[in-house]
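The next block holds one structure in the form of structure tokens; read it before the comments.
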């Protein structure tokens, strides 16, 4: 796999949510799976928001905003920037509204139409983003989905939000969940499932030849047409599947009428 960072210009399937206020990072510590004390202004770090049942509402990347006077977000007027799928920007703000009422933090959705993305996802999950001077491009958006899929990184959408525990989405392996940071919304469910080994679903990448396209939540079946999972992210000739049981590299699989091959080493 090519692990060199890729620069993708004009991505239009991302939303940028600004969390502004004196205690933005401290506030988000109670709602994110990652440890916000480890955030900085130089790099985007992966994180996810869960509901009280431990299901992931949205995931993406976060970075501290440096205040004009040089203070980091969470001390005065800086804050935290959060990147999620464009279909979940408003959803995330609505989800947190009831909690924001009790905090001196404001959430605002950026109206920027497109972003430039530089990612070295395969190695470290690193991610950089800038407001784009390039026009929005469907090809760029497809390229980002393909890069994420090739590196087993799920970016939830409105269709897939609120359905899966972090374990099923591969977020533990991706370093998105801290088990040392303390409490956050849904933490008890996530931790119990992890320590008791209760999560049987797992993330599997599949590939195929030809022009067929997979749809989100489309059923994946075995050679007997028995369901073995569902598509959680679909790229070009590749997809990420939430498998209900163990899939080996030679397990016969289909999405619709298309035969797919598990990409397992």
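The values are calculated or read from the model by the stated rules, or taken from the named source; none is laboratory data. Everything numeric in this text was worked out from a predicted model, so none of it was measured. We place every Cβ from the backbone using ideal geometry, glycine too, and count neighbours over all the protein chains shown.
Yes or no: segment 226-244 includes at least one residue that is part of a loop (DSSP other than H, G, I, E, B), within 23 Å of residue 88 (Cβ to Cβ) and in contact (Cβ under 8 Å) with a residue 12 or more places away in the chain. Within segment 226-244 (the criterion being part of a loop (DSSP other than H, G, I, E, B), within 23 Å of residue 88 (Cβ to Cβ) and in contact (Cβ under 8 Å) with a residue 12 or more places away in the chain), the answer is yes, since at least one residue qualifies. In this structure, residue 251 does not qualify as farther than 20 Å from residue 55 by Cβ, in a loop (DSSP other than H, G, I, E, B) and in contact with a helix residue (DSSP H, G or I) (Cβ under 6 Å, 6 or more places away or on another chain). Only strands (runs of 3 or more DSSP E) whose full extent lies in segment 90-205 are considered here, and the ones with at least 1 residues that are buried (at least 16 other Cβ atoms within 10 Å of the Cβ), in the same structural domain as residue 44 (by TED's automatic domain parsing) and at pLDDT 95 or above are 105-109. Evaluated against (1) in contact with a strand residue (DSSP E or B) (Cβ under 6 Å, 6 or more places away or on another chain); (2) in the same structural domain as residue 44 (by TED's automatic domain parsing), residue 240 falls short on exactly one condition, (2). Every test in (1) buried (at least 18 other Cβ atoms within 10 Å of the Cβ); (2) out of contact with any strand residue (DSSP E or B) (no Cβ under 9 Å at 6 or more places or on another chain) is passed by residue 56 save one, and that test is (2). Just checking, does segment 239-246 include any residue being at pLDDT 95 or above and either over 24 Å from residue 48 (Cα atoms) or exposed (fewer than 13 other Cβ atoms within 10 Å of the Cβ) (or both)? No: zero hits. Would you say residue 40 is modelled with pLDDT under 95 and either out of contact with any helix residue (DSSP H, G or I) (no Cβ under 8 Å at 6 or more places or on another chain) or surrounded by fewer than 20 Cβ atoms within 10 Å (Cβ to Cβ) (or both)? Yes.
Scanning segment 15-46 for residues that are part of a strand (DSSP E or B) and over 15 Å from residue 107 (Cβ atoms) turns up 45, 46.
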